[in-house]
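Single-structure report; data block below.
Taken together, the values in this text are just the output of simple stated rules run on the coordinates, not laboratory data. All figures in this text were calculated on a predicted structure; none of them were measured in a lab. A quick note on method: Cβ atoms are made from the backbone with ideal geometry, for glycine too, and the neighbour counts reach across all protein chains shown.
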């Protein structure tokens, strides 16, 4: 009878850990959707909600690892100079470590086109926007 209790406990733990993995995947998909919508709207504040304490940015004139506040300011300045006309997701996938990424095309109202890439990671149990890149075409 004691073995039954141990087996039940192990089974319960396996089920719960699998549920957390599915929740994490759903959360990443939601973050990707929210970030895509915020890019489409030129909303730096909404995107910054998903930054960790540091974020890797690659923008024309700004490349490196920045604090959350610095990154939001850089992004806000970019959107002010390049207001969005459209953003469309071209591809979604997962990196080698399973982290989701999105590739899209951003067109500004001044006619410039950018290829956008962003990577979402699960860091210490938090789903964060780890990398955001706008490359002028």
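Based on the Kirkwood radius over alpha-carbon pairs, what is the Stokes-Einstein translational diffusion coefficient of segment 65-104 at 10 °C with 1.306 mPa s viscosity, in µm²/s?
On the way: Rh = 12.4 Å.
Calculated translational D: 128 µm²/s.
Provide the gained length on full extension for the span residue 109 to residue 49, in nm with one decimal, where the gain is 0.36 nm per separating residue minus the Cα-Cα distance. Before the final figure, lay out each step's value.
Working: separation 60, 0.36 × 60 = 21.60 nm, distance 2.48 nm.
Length gained between residue 109 and residue 49: 19.1 nm.
What is the calculated FRET efficiency for residue 63 to residue 88, with r their C-beta to C-beta distance and R₀ = 25 Å, to the nearest 0.05? Numbers along the way, then the final one.
Numbers: r = 24 Å, r/R0 = 0.97.
It comes to 0.55.
Counting 0.36 nm for each residue step from residue 40 to residue 133 and taking away their Cα separation leaves a gain of 32.0 nm.
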